[in-house]
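Below is one structure; the comments refer to it alone.
Nothing in this text is a laboratory measurement; each read-out follows from the coordinates by a stated rule. On a predicted model such as this, the values are computed, not experimentally measured, just so you know. A quick note on method: Cβ atoms are made from the backbone with ideal geometry, for glycine too, and the neighbour counts reach across all protein chains shown.
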């Protein structure tokens, strides 16, 4: 051990939470998990070699998508397992401490706010809702609402023209239809987010995912996270289903349950 | 099972490779920009690393290497 190893943190729980499910399981790089307790709080951790997880090595490895994917899944798997035993505060990926003593002093130094966060997260679960624009629907709606609606409207929603005839005015129509469709999409995404936020204890909007990264052609209009009381999950899921309406022009996807990644911050350390 | 790969859309079906890729992005959205950050002299890493920026560079490099011209081409395979 010692200077060639660091302490990777996965999550913080109450020390009174059970340990049965994760005892003996492994974390990133197949390292065995351990509990570091201090004053009634527990950090779930594992000892990692600095050759792979030290600052310089991490900076390099985080740019390797395969390494990042494997590490993120291992980190998440531990947090999910620990979360089955009680309320959990997930740590940001790649939080590495020098040794156990520093982890203990962090736990005691931040005792008050960590307990406050644990109370806030208790009995609640994070759910993700993504909204994708349904191709064609909003474009058609925007065009038919405009005064220029006519034979051209069909061509706009049908995509590129075959190149014959009046390309220039049609192109302008397309651009303006595109612009109003973008505005409608943004407005409806905000409406969906507001409607779901009312049903949630807290909510966050992540930046929309880049189609280049997801490989999906559809434009993402909403990438939301919602902290939902477990007792209100049915109500929340029904609302998502109701909002996933063709006439609305957005296709909704519900993901989860997630550990409360998006709601673990204390406001002081997160934007 | 707690693997992110089972977090397929509520609409269901077998997760395709594209769905797995999306599930990974959903996970990265959260583990790289969420989770509690307790910075200070006690941490060896993280505080000075722009995680989101790093991840996007990793993803960009991977996309460029694996899927030339795939954007806009429909189904993405690996």
So for A:258, A:67, A:22, fewest C-beta neighbours within 10 Å to most, what's the order? A:67, A:22, A:258
For A:53, A:263, A:236, which order do you get if you count the other beta carbons within 10 Å of each Cβ and list the fewest first? A:236, A:53, A:263
Two-decimal Rg/Rh across segment A:194-233, once Rg and the Kirkwood Rh are taken from alpha-carbon atoms: 1.11
For segment A:190-271, compute Rh as the Kirkwood radius over C-alpha pairs and then the Stokes-Einstein diffusion coefficient at 25 °C and 0.890 mPa s; write the answer in µm²/s, rounded to an integer. 176
Separation of the residue A:85 and residue A:234 label points, Cα + 7 Å toward Cβ, nm: 3.1
Which order do A:106, A:85, A:91 fall in if you start with the one that has the fewest other Cβ atoms within 10 Å? A:85, A:106, A:91
According to a simple spin-label model (label point 7 Å from Cα along Cα-to-Cβ), what is the distance in nm between residue A:201 and residue A:183? 3.9
